[in-house]
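The values are calculated or read from the model by the stated rules, or taken from the named source; none is laboratory data. What you see is a predicted model; the values in this text were computed from it and never measured. All Cβ positions, even for glycine, are placed from backbone atoms using ideal geometry, and neighbour counts span all protein chains on display. Please note that ligands, DNA and RNA were not included when accessible areas were found on the heavy atoms of the full protein model with its side chains. Shrake-Rupley method; radii C 1.70, N 1.55, O 1.52, S 1.80 Å.
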Amino acid sequence: MRKIFLFFLVIAALPCFAQNSNMSSSQKRSQERREKKKEKVDSLISQEEEGIINYRKQTDFGAKLVSDGYGIFMDIGRAKSVKRSLLYQLEIGERKSAREIKQSNTNDPSSSPFILGKENFFYYTKLGVQEQFLLANKANKNGVNITCNIGGGLSFAILRPYEYEVLTADGSSKFVQLNTILSDTTIQGLLGGPTLSQGWEDLSLVPGVYGKAAVRFDYGHYTKTVTALEIGISAEYYTKNIPILYAVAPQQSFISVYAAIIFGWRRKK
C-alpha cells in the first residue's frame, strides 16, 4: 500500500518538476538575450567613442503642435560623422489666427459651424535641409542623445478661400466668400460655414522661405528604432501678405514655437 501511495505521489509531482525546469530554462534564455543585447550596446558605444558611425541613415515621421497651428513631417537623415548629421525635411500643416472663434447657427443645429470674419484657410508645405549637431549623450542601452537642429528652406503658403453658407433673397442658399457678404445687399442671413468640399477650386499659392532652430531628445540612441521629442522655434517669410482673418491685419512673416513627437528607424547603410 505504501509503495502504491509513493508511486502516485511521484506521478503527481512530475508536472511541478517539469514546470520548474521549464521556468529555469526560460529564465536562462531571457538572461542570455539580455547579456547579448548589453554586449551589442557596449560594442556600439565603444565604436562610437572611436569615431565609427553605427547608423548612417535614418528615416523619421513626426507630428507637431505649433503655437498657431499643427503639422506633420518626414525627415531623411544622413550621418556625416558621429556628432553631425544632415536632415532633409518635408512638412505640411495648417496655420491659424489666435483670434479665431468657432460659432454655430443656433437656429439650425445641422448646419456647419463657422468662424466669423475668416477669409482663408492657410495651409503650408515646407521643403528644407537642417544640420544636426550632437550636444550631449548618455552612454547606456537607453542612451539619450541631445542634439541641436538648425536649418531652413522653401515654404509655400496654400490659401483656400473660406466660404460661408448664406440665405439669398429668393429663399435659397449658396456658398460665398467674405468679400461677397460684405458687398452683396441681397444676402438675407448667415446659415453656416464651409464643408470639406468648398474652396478648393480657388486655391492660391504664395512662395516664401523659412528657418528653424530646435533641440531634439533622442531616446534609445543605440537601437534601430527612433523615439524622440523635439522643441523648437520657426520663422517664415512670404512674398506677399497672407490674409487669414478680416479683423487681423494680413502679414508676411510668422514666428511660432512648437513641440513634436518623432518615430522612425535607423539603418547601417
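Brief remarks on what is shown
- Unique match (being modelled with pLDDT of 95 or more and under 30 Å from Tyr55 (Cα atoms)) among Gly208, Gly151: Gly151
- Some residue of segment 212-221 being surrounded by fewer than 18 Cβ atoms within 10 Å (Cβ to Cβ), touching a Ser or Thr at 6+ places or on another chain (Cβ under 6 Å) and assigned to a strand (DSSP E or B): yes
- Matching residues in segment 195-209 - criterion: being open to solvent by less than 80 Å² (accessible area, probe 1.4 Å) and acidic (Asp, Glu): Asp202
- Filter pass, Leu154 being closer than 28 Å to Gln58 by Cα and free of Cβ contacts under 8 Å to residues at least 40 places away in the same chain: no
- Pick from segment 183-222, criterion of a type in the set (Val, Ile, Thr) and touching a residue at least 12 places away in the same chain (Cβ under 8 Å), ranking: nearest to Ala136 (Cα to Cα): Val215
- Of all the criteria given as (1) over 23 Å from Gln177 (Cα atoms); (2) at pLDDT below 90, the one not satisfied by Phe73 is (2).
- Of residues in segment 230-251 being outside any strand (DSSP E or B) and touching a strand residue (DSSP E or B) at 6+ places or on another chain (Cβ under 9 Å), the one surrounded by the most Cβ atoms within 10 Å (Cβ to Cβ): Ile244
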